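The values are calculated or read from the model by the stated rules, or taken from the named source; none is laboratory data. Here the structure is a predicted model, which means the values were calculated and not measured. So basically every Cβ, Gly included, is an ideal-geometry build from the backbone, and we count neighbours across all protein chains shown. In case anyone asks, the SASA skips ligands and DNA or RNA and just uses the protein heavy atoms, side chains included. Shrake-Rupley method; radii C 1.70, N 1.55, O 1.52, S 1.80 Å.
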Amino acid sequence: MAEPAEEKEKKGLDIGLEKGVSKLTPEKIEQTINDVLDKECGPRFKTYVETCIHCGLCSEACHYYLSHDNDPRFSPVGKVKQTIWEMLRKKGKVNGEFIKRAAEITHTECNLCKRCAMYCPFGIDIAYLMTVVRRIIHKLGCTPQYIQDTAHSHSVHYNQMWVKGDEWPDTLQWQEEEAQAEIPTLRIPLEKEGAEIMYSVIAPEPKFQAQLIYQAAVIMDQAGVDWTMPATVGWDNSDMAMFTGDSELMGRLKRAHFETAARLKVKRIVMGECGHAFRSVYDMGNRWLGWQMPPIPIVHAIEFYAEILRAGKIKVAKKFSRPVTLHDPCNVVRGGGLHEDARYVTRQLCETLVEMHPNREHNYCCCAGGGVINCGPPYKMKRIEGNRVKAEQLFAAKARGAEVLITPCHNCHSGLHDIVHHYGVGLEIKFFGDILYEVMEKPEG
Amino acid sequence: MHSVYSFVTGPMVWVAFGVFVAGCLFRLVVLLSQVSRKEPFIFSYMNLKWSLRSIGHWIVPFATVNWRRHPVLTVVTFVFHICLFLVPIFLLSHIVLVDEAWSISWAALPDGLADALTLTVIACCLFFLVRRIRSPEVKFVTYPSDYVILAIVAAPFVTGFLAYHQWFGYPVMFILHVIAGEIMLIAIPFTRLSHMLFAVFTRAYMGSEFGGVRKAKDW
Amino acid sequence: MKKAAVSLILILAGCALLMAAAAAQEDMVVVDPGPFENPQRPPSTFRHEEHNLAADIWECNVCHHVYDEEGNLLDDESSEDMRCVDCHFLEDTGTQPGLMKAFHLNCKGCHIKEAKGPVMCGECHRWRQPAADGPGAG
């Protein structure tokens with residue numbers, strides 16, 4: 001039976017969500033919701049829900065709310081109302097349409113950036129409540145297709161981008177050769193047991209940003225760091241399972257990551273400029289595995305760059321001359337307090353820093369993180385329209401002279417790329433690594 | 001009227017305070033025992049210094065970004081909560097009753113001041129009511145229960161004000177005032193008024209997370 | 001006529017006398033707030049004679065009591081010739097209640113026991129005195 005074309009178009013937007021919802025039964029919805037809310041959630045969840053006085057003071061924390069002209073449906077508590085409160089009020093007896101909307105809200109209208117946690121007078125962790133919704137959506141099999149696909153990749157290959165076992169060391173050796181054209185003695189030490197540092201990246205780097213591995217290798221080499229990278233699984237620190245609510249898979253991934261570092265007997269794990277991966281290894285994955293803090297110390301690139309610059313292991317030949325502005329990524333700033341290190345690094349590398357406002361802990365989210373960009377093309381415009389306020393913030397920084405936007409996080413980088421292009425902000429976006437590589441003293445620079 | 005008076009100022013007071021105290025203790029014990037059973041990791045992150053740092057910022061008006069963003073609401077909120085405790089505890093008539101019962105007394109507010117503060121509480125309640133109706137982001141998340149708990153809090157002050165001035169049927173207003181106060185006490189542990197108990201814990205946990213793990217400010 | 005006029009005068013005079021006597025008895029409308037510094041409420045409405053008639057009280061020491069040094073109530077003594085504040089100072093002294101508490105306990109205590117008479121604050125401490133309202137009302 002052929003459906004009208006219009007109907008088809010309206011559906012088919014997100015096959016994971018549409019098909020998932022079509023398979024649901026009222027009994028399954030009810031049981032899944034109540035299982036998660038009653039059995040998996042504890043007093044923290046209960047206290048958050050019962051303590052909220054419905055004051056709406058979290059609203060202005062949210063870039064979606066601000067970007068939609070203060071539409072209350074986009075306020076943090078508004079999203080909780082449309083999901084958690086209704087599930088509780090109806091004791092799980094909600095329909096498929098509700099689940100579809102809940103999946104859209106939690107996956108594509110919230111970046112889990114936790115800015116709202118800083119605006120709630122009671123410190124209610126609204127992002128945590130949204131992750132509970134994601135957990136329910138996951139258990140109902142209604143996760144948006146694109147991010148679910150990355151989770152499948154994690155499950156099969158222990159990395160986010162379907163990078164196969166041999167492709168990984170192959171890519172490293174390729175980048176090693178490329179870099180040797182610049183520095184003939186450069187190595188990317190694979191499987192060096194007892195090295196001080198294991199360097200870890202997210203799978204998009206070998207997949208389509210291999211030059212970042214090149215740059216990192218040059219920085220490591222020139223700083224004289226004793227480092228290594230694993231040739232086995234465990235090299236990828238990314239974690240979309242954390243964002244789909246697939247905590248079991250998150251645990252598997254992080255165990256592999258930490259066990260790989262333990263196998264290589266490294267003292268520290270240094271990671272590339274990624275925010276969500278930091279959240280996974282420093283905040284969520286390690287805790288799921290039962291570690292209060294990461295079992296092996298995690299050093300984010302920002303911190304690592306600050307460290308080698310402070311120690312004088314890298315000399316800056318000539319500071320980056322174009323004025324830069326700095327985007328504080330939620331996961332490493334609100335999640336790891338690296339904002340002052342980021343400013344130290346910026347000042348060491350660049351002549352002029354033009355602060356955007358608000359900044360540091362109060363910076364506006366990129367609207368890509370939290371797995372939102374990973375939900376893919378169906379939600380791209382929603383993501384861009386949901387962050388008009390970011391464009392306004394960047395325009396203001398540009399008006400005060402900024403030409404380059406530093407975003408030490410992959411998700412922010414990609415998300416802000418979309419924002420900058422859509423709104424015509426006209427800022428060039430760079431990682432710290434890009435600038436560090438450009439301005440550092442190199443042998444035949 | 002004597003039997004009603006004796007009932008609401010006698011056994012009902014015991015019931016109200018009993019339910020209030022036992023209810024609060026019960027809620028706290030349940031919270032802590034559930035945390036230790038289901039989410040004991042929370043205790044391992046709780047840290048006095050970071051908790052106090054966070055609580056300290058949030059109990060001072062204008063000490064946080066969000067308080068500064070809403071100056072009127074901030075003033076109203078703080079004035080409201082301060083008066084909410086100040087007036088009933090330091091009201092002369094309340095102290096007189098306690099003194100007559102147990103010979104315990106403490107300094108009282110002058111009645112005129114208490115009267116003004118009572119009006120302040122009522123005005124604050126009206127502000128919250130108007131805000132609930134008029135602000136879209138608040139209205140969107142408002143349930144009938146939100147009006148009910150606002151009424152529960154406002155009622156002792158409205159009736160107390162009318163009883164003090166002996167307007168509109170004095171003895172009935174007195175009885176209503178006592179009953180309203182007792183309803184509020186009983187409601188605290190079992191409604192969202194329990195934020196009186198829990199806000200300090202949620203704030204402390206968030207403060208500990210931000211201070212100890214996230215190394216960031218949460219204000 | 002003359003006889004009638006005389007008797008009218010006599011009746012009028014008698015009435016005047018009686019009224020004067022009644023006025024003398026009605027000297028008290030409220031409890032004397034004199035000893036209190038900065039009283040917060042209006043003085044308690046209290047019409048002595050009306051109260052005692054309504055309450056059927058004939059012994060002075062029901063209210064005007066006397067306690068000995070050991071704190072025992074002396075049944076056959078009364079203290080209507082003293083001011084309350086002579087014993088009940090503004091503040092409690094030991095187990096002896098201060099003046100305000102003594103009034104409250106004495107009046108309200110009895111009212112509660114007898115289930116008669118005013119017990120709520122505003123029933124005695126009235127902001128607006130009713131025109132002709134006895135103490136037993138309420």
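Between helix B:111-134 and chain B, what is the angle of the helix's C-alpha long axis to the longest principal axis, kept within 0 to 90° and rounded to the nearest 10? So the helix axis and the longest Cα principal axis differ by about 60 degrees. DSSP beta bridges in the protein assembly as shown, what fraction antiparallel, as a percent rounded to 5? Percent antiparallel among DSSP bridges in the protein assembly as shown is about 15.
I need the shape label for the range A:265-396. Rule: rounded when a/c is under 1.5, else prolate if a/b > b/c, else oblate, with a, b, c from the alpha carbon gyration tensor. Mind showing how you got there, number by number?
On the way: a/c = 2.22, a/b = 1.04, b/c = 2.13.
Note, shape of the range A:265-396 comes out oblate.
Legend: distances between Cα atoms for A:K207/B:K38; A:K23/A:K207; A:K164/A:K318; A:K23/A:K380; A:K91/A:K390; A:K19/A:K46; pairs beyond 29 Å are A:K207/B:K38; A:K23/A:K207; A:K164/A:K318; A:K91/A:K390; A:K19/A:K46. Average 1/r across all pairs of distinct alpha carbons in chain A, invert it, and you get the Kirkwood radius: 22.6 Å. In the Gaussian network model of chain A, springs joining C-alpha atoms below 10 Å, which of A:G433, A:G224, A:G234 carries the largest mean-square fluctuation? With Cα springs under 10 Å in chain A, the top fluctuation among A:G433, A:G224, A:G234 is at A:G224.
Within the protein assembly as shown, what whole-number % of the accessible surface is contributed by carbon and sulfur, with the 1.4 Å probe and all protein chains included in the calculation?
Details: 22470 of 36160 Å².
Roughly 62 percent, rounded to a whole number.
Cα-based radius of gyration for the protein assembly as shown, normalised by 2.2 N^0.38 Å, reads 1.34.
Provide, as a two-decimal number, the C-alpha radius of gyration of the range B:22-84 over 2.2 N^0.38 Å, N being how many residues it has. All intermediate terms of the calculation are to be shown ahead of the outcome.
Details: Rg = 15.9 Å, N = 63, 2.2 N^0.38 = 10.6 Å.
Here the answer is 1.50, to two decimals.
Set the bar at 28 Å for Cα to Cα. Now go through A:K39/B:K215; A:K90/B:K139; A:K81/B:K215 and name every pair that lies beyond it. Walk me through the numbers before you get to the answer.
Details: A:K39/B:K215 31 Å; A:K90/B:K139 20 Å; A:K81/B:K215 30 Å.
Long pairs (Cα-Cα over 28 Å): A:K39/B:K215; A:K81/B:K215.
Distance from the alpha carbon centroid of the range A:14-61 to that of the range A:117-195 works out to 26 angstrom. Comparing B:Y143, B:Y164, B:Y45 in a Gaussian network model of chain B, where Cα atoms under 10 Å apart are tied by springs, the biggest mean-square fluctuation is seen for B:Y143. The lysines within cross-link reach of C:K116, meaning a Cα-to-Cα straight distance under 28 Å and a gap of 8 or more places when in the same chain, are C:K101, C:K108. Surface analysis of the protein assembly as shown yields an accessible area of 45 Å² per residue, using protein heavy atoms and a 1.4 Å probe. Total buried accessible area between B and A, probe 1.4 Å, nearest 100: 4400 Å².
Could you tell me which of rounded, prolate or oblate describes the range A:13-143, using a ≥ b ≥ c as the square roots of the eigenvalues of the alpha-carbon gyration tensor, with rounded for a/c under 1.5 and, failing that, prolate when a/b is larger than b/c and oblate otherwise? Oblate shape, in that a/c is at least 1.5 and b/c is the bigger or equal ratio.
I want to verify a result. In a Gaussian network model of chain A, Cα cutoff 10 Å, which of these has the top mean-square fluctuation: A:L349, A:L338, A:L24? Evaluated over chain A, the most mobile residue of the options is A:L24.
Chains C and B: buried accessible surface, both sides, probe 1.4 Å, rounded to 100 Å²?
On the way: alone 10530 and 13400 Å², together 22100 Å².
Buried area between the two chains comes out at roughly 1800 Å².
Per the Kirkwood formula on distinct C-alpha pairs, the Rh of chain B is how many angstrom? Kirkwood radius, chain B: 19.6 Å. Tell me whether the range A:160-309 comes out rounded, prolate or oblate; compute the Cα gyration tensor, take square roots of the eigenvalues as a ≥ b ≥ c, and use a/c under 1.5 as the rounded threshold. Prolate, because a/c is 1.5 or more and a/b exceeds b/c.
Hey, what angle do you get for helix B:11-38 against the long axis of chain B, alpha-carbon based, 0 to 90 degrees rounded to 10? Around 10 degrees separate the two axes. Using C-alpha pairs under 8 Å with a sequence gap of at least 6, the mean separation divided by the residue count of chain A gives a relative contact order of 16 percent. Summing Lys and Arg as +1 and Asp and Glu as -1 over all other residues whose Cβ lies under 15 Å from the Cβ of A:W162 gives a net charge of -4. For chain A, the longest principal axis of the Cα atoms and the long axis of helix A:247-263 meet at an angle of about 20 degrees.
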